[in-house]
Amino acid sequence: MVKDELTITELHIPVARHIQTETPNWHLSPQDNLYLTWTSHLSDSLYGLNYSSLHNDTFTRATIISTGTDWFVNWADFPSIAVFPGSELNLLAHFLQKRPGDKTYDYDVKLALSRSGGDEWKVIDSLHDNAPAEHGFVSLVPFSYDKILAMWLDGRAMISAEGDHNDHDHGSGSMQLRSALVDIQGGVSQPQIIDDRVCECCQTDATMTPKGPVLIYRNRSNDEERDIYITRLESGQWSDPKPVCEDHWKINGCPVNGPAIASINSQLAVAWYTEAGGKPTIKLSFSNGPDLNFGPPLIIDTKNTPGRVSIAWIDKDRVAISLLDKDSKESPTTSIYLMIYSKEGHLISRNMIAQTSALRKSGFPVLTAHQGQLYLAYTSISQDNKTSIKAKKILMSQ
């Protein structure tokens, strides 16, 4: 096993101890500032979306973006925030809100907008149409001076002619992948279908490159192969989606295990989970030049991984991956590992940096890099089943 000298510092998140928290998510703004969002369980069915920014390893006072008793909060589909490129006073956030009625998976992507640097927030219209269906797994990317690009899974085609659907099953149609632009007034424009048949509940992920935004997601073929696909938005149009790697993983259901992508200049790195061949596996692949062509994938060394990957470039020569792995399938706990690879695909180090519960409610650890340092956030579960988010700064030896 390769190990590296790491200095890990736990960062204090400004949350009252009695408040349960979950679903952390990072955002690095176009102005090079780091934000953390999370969900707070305030009381009974009341939830809140909070954020804080990190300065000199200290989080600012937590700000509540919105609260609600009708939110759809789950371990895999988490809220986010994004800053408009033109000014850090302008911010956009998203969360999920249930529709009235008894359909578990009828919920909308709600947007919240601030034009005061986060001092005041206004919930604006939904990101999508008014269909009573499942919508979520959103990726937000700062796009232009006054616009943010939103990409999400959209279940409007899964509704039958009678206006009903079979909850989380396939219904009469397929889950779609869609995009739209959101401006600083909250207007939603230029809606597009990116792919009309995708996996129903795997996260999407996106990154901005010199040639435009790149989106990665799990596709779903007619014969139920669910591999990782990639596309780029150029001149207002999405390129034809194509596989990063043809794993040919056939599964009659969604694995709830989306891919992760990161870019530096024109170089892309993608990590993903697959069980093609019957073995849980995490793969890593690098792009060959600025086009969306990838080399043969590397197999990440794991034992009993449930996946849940995140990825970030440390600098132009090194990329970091976080993932979950267990010593045994039956273990009630799982370890969060950090792997660092060179851009040529050589393993530099492999370290266990935290432990958490193996339960689904521990969610997805998220990794980001800022000014050559790594930051990890994840959900911890106490012995009395209470959730709390943690954040760590990771320094590496040079």
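Structure above, values below:
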read-out: Cβ charges +1 (Lys, Arg) and -1 (Asp, Glu), total dipole of the range 258-398, debye; value: 360
read-out: Positive-end extreme of charge dipole, the chain - chosen from Ser287, Ile389, Ser80 (charges on Cβ); value: Ile389
read-out: Loop-located GluC sites (Glu not before Pro) in the range 1-71 whose Cβ has at most 15 other Cβ within 10 Å (DSSP); value: Glu5
read-out: Trypsin sites (Lys or Arg not before Pro) within the range 315-398: DSSP coil, no more than 12 neighbouring Cβ in 10 Å; value: Lys316, Lys329
read-out: Residue-span extension gain [Leu42 to Leu6] - 0.36 nm each, minus C-alpha spacing; value: 9.4 nm
read-out: Positive-pole candidate from Leu149, Ile353, Val198, dipole of the chain, charges at beta carbon; value: Ile353
read-out: Student exercise, the range 118-266 dipole from Lys, Arg, Asp, Glu Cβ charges, in Debye to nearest 20; value: 480
read-out: Taking the chain and dividing mean pair separation by its residue count, relative contact order in percent (alpha carbons under 8 Å, at least six apart); value: 13
read-out: FRET E, pair Ser235, Ser126, Förster distance 30 Å, beta-carbon r, rounded to 0.05; value: 0.65
read-out: Amide H contacts of Leu11 (H built 1.01 Å from N, under 5 Å, at least 5 apart or other chain); value: Ala391, Lys392, Lys393
read-out: Cα gyration tensor shape for the range 14-100, rounded if a/c is under 1.5, else prolate or oblate; value: oblate
read-out: Under 5 Å, built H, 5+ apart or other chain: amide partners of His370; value: Tyr375
read-out: Options Tyr229, Gln373, Ala133, ranked by Cα towards positive dipole end of the chain, top entry (Cβ charges); value: Gln373
read-out: Estimated dipole of the chain in Debye, rounded to 20 [Cβ of Lys and Arg +1, of Asp and Glu -1, Cα centre]; value: 920
read-out: Prolate/oblate/rounded label for the range 189-267 (Cα gyration tensor, a/c 1.5); value: prolate
read-out: Amide H contacts of Asn25 (H built 1.01 Å from N, under 5 Å, at least 5 apart or other chain); value: Thr37
read-out: Mean shadow area of the chain, taken as a quarter of the surface of its Cα convex hull (nm²); value: 18.5
read-out: For the range 305-398: rounded, prolate or oblate by the Cα gyration tensor [a/c cutoff 1.5]; value: prolate
read-out: Computed E for Tyr145/Asp315 - FRET, C-beta separation, R0 35 angstrom, nearest 0.05; value: 0.80
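Every read-out reported here was derived from the displayed coordinates using simple, explicitly stated rules and does not represent laboratory data. It should be emphasised that the depicted structure is a prediction, and the values quoted were computed from it without experimental measurement. Virtual Cβ from ideal backbone geometry, glycine too; neighbours counted across all protein chains shown.
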